[in-house]
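The block underneath contains the structure these notes are about, expressed in structure tokens.
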Amino acid sequence: MDFGNFGVVNFTKEAKSVAFVDYLSEGKLMGTECKKCGKKYFPPRMDCAKCFDSEVEWFEIKGPGKLVTYTTVNFGPSGFEEVQPYTLGIVDFPEGVRVLAKISKKIDPTSIKAGMELRPVPQQLSEEKLTYEFEN
């Protein structure tokens, strides 16, 4: 797979972190950690912004994490017309990263509160497209 298989709309086909999409297809949301300095990244980075080393290893983000903040998008960008309105959230995970994603429509919007526990769940959008969202 390549990055053309990630997300609703994607303009990037190639990236050094293409394994991210392969892991999603296996049902795993992954980040990277620099082997030299230990800095963790999500979205994954293959080059450390802290120490500039390029030796990284993958780690799984399982959660649950705590919702920091959220917003409901009523008029999304081009390509998201079919899914609006939708709620985006930022979650802090115990693995040491903060992740932005759509909150599942399975969750009643009136029950969404900062501090609630959520976990990342990879999603198959179509036969070729993958993404992830938060569920509780």
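Tallying residues that are within 20 Å of Leu24 (Cα to Cα), part of a loop (DSSP other than H, G, I, E, B) and not aliphatic (A, V, I, L, M) within region 74-104 yields 5. The set of residues from region 56-78 being more than 20 Å from Pro120 (Cα to Cα), at pLDDT below 95 and surrounded by 12 or more Cβ atoms within 10 Å (Cβ to Cβ) comprises just one member, Gly76.
Conditions tested, residue by residue: (1) among the small types (Gly, Ala, Ser); (2) over 18 Å from Ala101 (Cβ atoms); (3) modelled with pLDDT of 95 or more; (4) under 14 Å from the mean Cα position of the chain (by Cα).
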site	(1), (2), (3), (4)
Lys13	no, yes, no, no
Asp22	no, yes, no, yes
Leu29	no, no, yes, yes
Gly38	yes, yes, yes, no
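The set of residues from region 105-136 being assigned to a strand (DSSP E or B), in contact with a Ser or Thr (Cβ under 6 Å, 6 or more places away or on another chain) and surrounded by fewer than 18 Cβ atoms within 10 Å (Cβ to Cβ) comprises Gln123, Glu135.
Look at region 92-107: where a residue is within 24 Å of Phe80 (Cβ to Cβ) and among the polar types (S, T, N, Q) and a partner is modelled with pLDDT of 95 or more and assigned to a strand (DSSP E or B), sitting 6+ places away or on another chain with Cβ atoms under 7 Å, you get Ser104/Glu133; Ser104/Phe134; Ser104/Glu135.
The values are calculated or read from the model by the stated rules, or taken from the named source; none is laboratory data. As the structure is a computational prediction, the values presented were derived from the model and not from experiment. All Cβ positions, glycine included, derive from the backbone under ideal geometry; neighbour counts span all protein chains shown.
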